[in-house]
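The values are calculated or read from the model by the stated rules, or taken from the named source; none is laboratory data. Not measured: the values here are computed from a predicted model. FYI the Cβ positions are ideal-geometry reconstructions off the backbone, even for glycines, and counts take in every protein chain you see.
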Amino acid sequence: MHGKIAGPRKPSGWHHINSCNNPNLAYGSLASQQLFIQASYKCQYTQVDRAIFFPCWTQKCCGLDLREPVIGTMRGRSILAIAIIAVLGVAAERYELFPFKLVRAGYSYFQPFKAFPGRADIVMLGDSITRLGRWERWDDIFAGRAIANRGISGDTIEEIRARVGAVIQMNPHKVFIMGGINNLIKGSSAEQVFPIYADAVRALRSAGSQVFVQSTLLTAANYTPVVNPEVRKLNDRLLKFCSVEQVCTFVDLNARLAPDGYLTLTSDGLHLNPAGYAKWRDEIAPDME
């Protein structure tokens, strides 16, 4: 033991680099600089990539034990951070985790003051199913019309109703509305959703807009929770409402998008895929004239 200094126990899974025996890895060499290795004078620690510290194994740092996983570099940590943020963002929207509701509330508040014209010929009003339609980008079909996409992810029928005032301020000739699915997914019944839905339609019609109530879309056959029975009940109530009160036109999108009683043109069982949105567009194009 004379003349030797015992270093800390070597962790498993680390790689040993002996810079004494390998001049290409000697301290101050180009290779060591490329590896971002900086040995301290007193040999207490070795700094790798300016962030992660590992102990030296000899007094003069002739032998360095370094682990070099992707996570041990600045680039690796950046990639990992971006991946974690992306996963958390998707989970937050899908399951309405914090801060989803806070972000959505801010988006709802500021949205009327940005991106959309002061007035619009047509407003598409709803939740994420509407939002993902990108209606304002289909200039080839709806040329010459100012279309405002007022779909907000996660919105319930109560939240859609709360935004009706902002829609009315745009003085649209026509409003295409769809909602209620998020309520049903959360356990509400069609009977609970319908009165609020009807109130939103009446408010839009009273302001002078022609209102098109688009059937709440059915979900895929294997989608959970199972909501299609309630979706059908809600659509039956809306169809009767439009027929009796004469304040809206009912558009049965499910006849085209779910002819077998469940959604097939879908990306996740709930939202439409591009082919589904194309069929939706074709179904309402005559009413947009």
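Below is a table of values for the structure above.
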item: Residue that is nearest to residue 183 (Cα to Cα) [pool: residues in the range 219-257 that are over 28 Å from the mean Cα position of the chain (by Cα) and in a loop (DSSP other than H, G, I, E, B)]; result: 248
item: Residues that are under 17 Å from residue 272 (Cβ atoms), touching a helix residue (DSSP H, G or I) at 6+ places or on another chain (Cβ under 8 Å) and at pLDDT 70 or above, drawn from the range 136-154; result: 149, 151, 152, 153, 154
item: The one condition in (1) under 14 Å from residue 179 (Cα atoms); (2) in a helix (DSSP H, G or I); (3) not aliphatic (A, V, I, L, M) that residue 216 fails to fulfil; result: (2)
item: Counted residues, the range 111-135 - those being among the small types (Gly, Ala, Ser), modelled with pLDDT of 85 or more and part of a loop (DSSP other than H, G, I, E, B); result: 2
item: Hits in the range 165-192 (condition: within 14 Å of residue 203 (Cα to Cα) and among the β-branched types (Val, Ile, Thr)); result: 167, 168, 175, 177
item: Some residue of the range 229-251 being in contact (Cβ under 8 Å) with a residue 60 or more places away in the chain and touching a Lys or Arg at 6+ places or on another chain (Cβ under 8 Å); result: no
item: Residue satisfying condition, being farther than 22 Å from residue 281 by Cα and either in contact with a strand residue (DSSP E or B) (Cβ under 9 Å, 6 or more places away or on another chain) or not assigned by TED's automatic domain parsing to the domain that holds residue 133 (or both), within set 205, 237; result: 205
item: Which listed residue is surrounded by fewer than 16 Cβ atoms within 10 Å (Cβ to Cβ) and not in a loop (DSSP other than H, G, I, E, B), from 268, 282, 260; result: 282
item: Subset of the range 158-205 that is assigned to a helix (DSSP H, G or I) and of a type in the set (S, T, N, Q) - its residue that is nearest to residue 245 (Cα to Cα); result: 192
